[in-house]
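A short write-up of the structure that comes next.
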Amino acid sequence: MINIKIKDFYVAGLVIGIIGGILHNFLLLLLISAGLKTRTYWKDMAEVFFNAPQVLTWYAQLFGLIASIGMAGVNGILIAVLLKVTGRDYLYIKTISASSAMGFAVFMLIYPALGLDFLQHSIITNYVAFFTFIFYGVVVGFMFDKFTDFG
């Protein structure tokens, strides 16, 4: 078995964050395919950059998907910085709490600052967001644990 360890925290955070973002979006796609009525992060990102009726076109949704994966990469970098500064002890607690904190900061601060309050008052969307932030934190925590050795 190949044992790859990334020593650079920035690159590790970016790559791991992007992989976590891809898996996060795939989980959302599975939940929607199973019949769950929830919003997706890629649609939210499309709404940041496009207005109706363009927001529902395939090219706007594709851009939203790319942007959501890019933001997951930024989240991964921020988590890598946290691990670099504080160390690797309690790694999963740190990755899950940082992922959740950053996700909810986006919902509570960034979206309202942009005038995007469309996630408020949706019980299903808020619970899906809560649990998928935890999912993302676990996934990136696992990858940081297995594939990095900084901090």
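The values are calculated or read from the model by the stated rules, or taken from the named source; none is laboratory data. None of the values given here were measured: they were computed from a predicted structure. Glycine gets a Cβ as well: all are built from the backbone with ideal geometry, and neighbour counts include every protein chain shown. In case anyone asks, the SASA skips ligands and DNA or RNA and just uses the protein heavy atoms, side chains included. Shrake-Rupley method; radii C 1.70, N 1.55, O 1.52, S 1.80 Å.
Here are a few things to note about the model shown:
- Against the criterion of solvent-accessible heavy-atom surface with a 1.4 angstrom probe, S68, S33 sort, most first, into S33, S68.
- Computed [θ] at 222 nm, deg cm²/dmol, the chain (DSSP H ≥ 4; -39,500 (n - 2.57); rounded to nearest 500): -23500 deg cm²/dmol
- Long-range amide H partners of T148 with built H, under 5 Å: I6
- Sequence-separation-based contact order of the chain, relative, with Cα cut under 8 Å and 6+ spacing, percent: 38 percent
- DSSP H segments from the chain that extend 18 Å or more along their own axis, Cα-based, with Kyte-Doolittle mean of 1.6 or above: 9-33
- Ligands, DNA and RNA are left out, and with a 1.4 angstrom probe the accessible area of the chain is 57 Å² per residue.
- Taking M108, M45, M71 as the candidate residues, the one with maximal mean-square fluctuation in a Gaussian network model of the chain, Cα springs under 10 Å, is M108.
- The structure-derived value of Rg/Rh (Cα atoms, Kirkwood Rh) appears in the list [x] 0.99; [y] 0.97; [z] 1.18 under the label [x].
- Exposure check, 1.4 Å probe, all protein chains in place: D149 carries approximately 80 Å² of accessible surface.
- Each Lys and Arg adds +1 at its Cβ and each Asp and Glu adds -1 at its Cβ; summed about the Cα centre, the chain shows a dipole of about 200 debye.
- Considering only P53, G70, I19, and ranking their Cα positions along the charge dipole of region 1-84 that arises from unit charges at the beta-carbon of Lys, Arg, Asp and Glu, the one farthest toward the positive end is I19.
- Per DSSP, loop trypsin sites (Lys or Arg not before Pro) in region 60-130 with at most 10 further Cβ within 10 Å: none
- Surface share of carbon and sulfur [accessible, 1.4 angstrom probe, percent] for the chain: 74 percent
- Using heavy atoms of the protein chains and a probe of 1.4 Å, the accessible area assigned to I22 is about 90 Å².
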